[in-house]
1. Can you tell me which residue in the range 183-239 is nearest to Phe252 (Cα to Cα), limited to those that are aliphatic (A, V, I, L, M) and surrounded by fewer than 18 Cβ atoms within 10 Å (Cβ to Cβ)?
2. Does Gly44 qualify as being assigned to a strand (DSSP E or B) and surrounded by fewer than 18 Cβ atoms within 10 Å (Cβ to Cβ)?
3. Mind checking which residues of the range 225-242 are at pLDDT below 80 and part of a loop (DSSP other than H, G, I, E, B)?
4. Asn70: of a type outside the set (D, E, K, R), outside any loop (DSSP other than H, G, I, E, B) and over 14 Å from Ile11 (Cα atoms), yes or no?
Amino acid sequence: MSCSGPRDSEIELLKSMFQPGEELIFEDTEGLDSWMAENQRTIGFVLKLREEVELTVHLPPGYPSGDSTNPVLPSVTIRLLPCSKAFGVNERILSSRFNTWLEEVARTGEPVVCSAIEWIQSELEAQQLGRGQQNSTDPAIEQLSASADPPHLDAGDAEKSIVCLWIVSHHIRSPIKRRLILEWAAELNLTGCCMPGRPGLVIAEGEAHKADEYWSRLRNLQWKHIQLRDREVIGKEGYRCRRFPDGFEELFLAHQSRFQWLNQRGVSSDQFKLVFGIPGRLPQGAEVHKRHLGWLFTSRSEVHKKF
């Protein structure tokens with residue numbers, strides 16, 4: 001099966017994020033289009049991130065495989081520029097940590113370059129902050145302290161109502177954000193799931209004040225775009241009211257399999273359209289790829305939109 005589509009999409013996304021020829025430099029610009037079309041050659045390029053670090057990337061044929069049992073691994077190497085070295089960042093330690101992270105993430109078979117960029121930027125920020133502050137945490141965690149909005153409760157909700165939140169992000173790739181999504185859900189005793197990718201989906205179910213606290217935390221992280229598409233009041237306090245009794249988990253689904261998987265758990269085409277803007281349709285032979293397990297739910301309620 002040709003995997004040129006996902007690789008092409010990732011390269012086009014990088015072109016929209018970085019200035020070609022200045023921040024994004026391909027090894028063979030003239031042959032790039034034909035190489036992408038035939039998907040039989042390795043595509044190489046250099047990325048310059050904020051004049052702090054250079055990434056040398058090689059994407060081999062078949063990348064990304066989309067199959068965790070048969071991943072095709074990219075080559076990504078780091079070179080720090082003088083600006084980062086001035087902050088005392090240790091290139092050897094950074095490269096070692098990055099290689100460990102990359103080996104684990106790349107074995108999912110999913111595109112990893114954008115996630116690698118986010119990981120490196122977050123790591124550099126954390127190390128630079130750490131030189132001026134004791135006990136510095138990940139930048140994504142520090143965003144939480146800036147949250148000024150208290151948890152929101154609708155006037156019509158009982159104090160112990162159980163609610164379900166549908167949260168859609170432009171994308172969810174950052175390993176830091178994915179970790180926080182899981183950790184905060186566990187802390188607040190929420191059940192549901194996170195589906196990384198583009199677009200990304202988070203479903204959180206639990207007591208209203210805890211679910212609203214969860215949304216308040218998530219929206220105060222740095223996102224390209226995130227929106228609360230639906231907030232369902234589904235019952236009163238009591239574990240039996242919950243649709244997802246098995247905890248909060250991370251799930252990987254092929255795009256064409258999303259509605260099929262949701263529909264098996266009672267989600268209607270109308271509800272799918274409410275969240276994603278298009279009616280849900282059942283594909284043939286869709287395959288579910290899971291990392292943990294977990295989700296989904298049904299019905300509808302009032303819609304609360306938040307940009």
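The values are calculated or read from the model by the stated rules, or taken from the named source; none is laboratory data. Computed from a prediction, not measured in an experiment: that's the story for all the values here. Methodologically, a virtual Cβ is constructed for each residue, glycine included, from the backbone with ideal geometry; neighbour enumeration extends over all protein chains shown.
1. Ala186
2. Working: assigned to a strand (DSSP E or B): yes; surrounded by fewer than 18 Cβ atoms within 10 Å (Cβ to Cβ): yes.
So Gly44 passes the test.
3. Lys236, Glu237, Gly238, Arg242
4. no
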